[in-house]
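Please read the structure below before turning to the comments.
The values are calculated or read from the model by the stated rules, or taken from the named source; none is laboratory data. These numbers were taken from a predicted model, which means no experiment stands behind them. Counting neighbours? That spans all protein chains shown, and the Cβs are built from the backbone with ideal geometry, glycine included. In case anyone asks, the SASA skips ligands and DNA or RNA and just uses the protein heavy atoms, side chains included. Shrake-Rupley method; radii C 1.70, N 1.55, O 1.52, S 1.80 Å.
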Amino acid sequence: MALSDLLWACPDCGEVGAIGPEGSCTCGVVFSRGRGGHIDARYPDGAVVERTAAEWMDRLPAPEELLERAAAEGEPFRRAHVLAQEVVGSANVRGGGRFLNRIERYGPAVKGSLSLTRDSAIYETLDAGGTARTWAFEDITAVQGSSNTLQIKGRGQPLVSFRFLDDSIFLWELLLHAALRDFYRRTGRGEIVEFQPRVTTDR
């Protein structure tokens with residue numbers, strides 16, 4: 001995972017999306033990978049601070065705080081350019097003449113945008129058709145993030161995998177989790193205890 005994905009906001013100034021791919025923040029601090037999985041921060045005065053990734057991430061704004069700020073500014077809360085691939089089937093995996101497992105088969109990658117609102121996630125393609133798909137939060141059955149994709153499964157719909165072109169996948173996973181938790185609380189559905197393999201509450 002790139003530093004700008006992991007540190008989706010600057011741990012020093014708190015600005016979301018301020019760290020570029022090379023690790024430099026607009027406030028002047030430069031982050032780089034250090035020894036043993038640590039991350040170093042070099043300040044404009046030459047000082048260097050070394051912390052673990054978890055320690056730096058503890059300094060990031062809470063996703064709930066970001067949603068509150070976004071709600072005050074209006075919808076959508078956030079929008080990003082993505083490449084989306086829909087599961088179109090599955091294939092058998094065999095080895096040594098034996099059946100081992102089944103893997104998902106994906107269709108072609110389609111460029112579009114993903115938007116987050118108070119009650120839904122909306123994907124709009126950028127092709128000539130301009131089609132849109134909306135996942136109402138009550139219909140989202142699973143959310144799963146990996147190092148480079150975020151997958152959303154809707155009730156009665158195929159799973160869709162998103163690769164983010166200009167935003168942090170980790171930030172989107174956190175925001176979607178926070179927005180779903182908020183929705184479930186507001187609608188009396190209980191507390192979400194896991195998001196994959198399926199969204200499950202404590203009730």
Query - Residue selected from region 132-142 under the condition closer than 18 Å to Phe195 by Cα and not aliphatic (A, V, I, L, M), by the criterion most open to solvent (accessible area, probe 1.4 Å) - result: Glu138
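Give me a count of the residues in region 7-59 that are part of a loop (DSSP other than H, G, I, E, B), among the aliphatic types (A, V, I, L, M) and within 21 Å of Leu175 (Cβ to Cβ).
Within region 7-59, residues that are part of a loop (DSSP other than H, G, I, E, B), among the aliphatic types (A, V, I, L, M) and within 21 Å of Leu175 (Cβ to Cβ) number 2.
For every residue, the table says whether it meets (1) among the basic types (Lys, Arg); (2) under 19 Å from the mean Cα position of the chain (by Cα); (3) surrounded by 16 or more Cβ atoms within 10 Å (Cβ to Cβ).
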position	(1), (2), (3)
Glu68	no, yes, no
Val87	no, yes, yes
Ala91	no, no, no
Gly130	no, no, no
Query raised in the report: For region 88-110, what are the residues that are modelled with pLDDT under 85 and aromatic (Phe, Trp, Tyr)?
Result: Phe99
Query - Some residue of region 28-47 being at pLDDT 95 or above, closer than 30 Å to Arg185 by Cα and touching a Pro at 6+ places or on another chain (Cβ under 8 Å) - result: no
Report summary line: Contact list, first residue from region 166-188 and more than 11 Å from Trp8 (Cα to Cα), second anywhere and among the charged types (D, E, K, R) and part of a helix (DSSP H, G or I), beta-carbon distance below 8 Å, six or more apart or interchain, is Ala178/Glu64; Asp182/Glu64; Phe183/Glu138; Thr187/Glu138
Query - Single match in Phe137, Phe195 (criterion: assigned by TED's automatic domain parsing to the domain that holds Phe77, touching a residue at least 12 places away in the same chain (Cβ under 8 Å), of a type in the set (A, V, I, L, M, F, W, C) and within 19 Å of Asp5 (Cβ to Cβ)) - result: Phe195
Report task. State whether one or more residues within region 146-161 are touching a residue at least 60 places away in the same chain (Cβ under 8 Å), within 25 Å of Ala9 (Cβ to Cβ) and in a strand (DSSP E or B). Result -> yes
Query raised in the report: When you go through (1) under 22 Å from Gln157 (Cα atoms); (2) touching a Gly at 6+ places or on another chain (Cβ under 7 Å) one by one for Leu114, which number turns out not to apply?
Result: (2)
Query raised in the report: When you go through (1) under 16 Å from the mean Cα position of the chain (by Cα); (2) modelled with pLDDT of 95 or more one by one for Thr117, which number turns out not to apply?
Result: (2)
Requested in this report: Restrict the check to region 86-104 and report whether at least one residue is polar (S, T, N, Q), in a strand (DSSP E or B) and within 15 Å of Phe164 (Cβ to Cβ).
Outcome: no
Requested in this report: Would you mention how many residues in region 38-66 are β-branched (Val, Ile, Thr) and either touching a His at 6+ places or on another chain (Cβ under 7 Å) or surrounded by fewer than 11 Cβ atoms within 10 Å (Cβ to Cβ) (or both)?
Outcome: 1
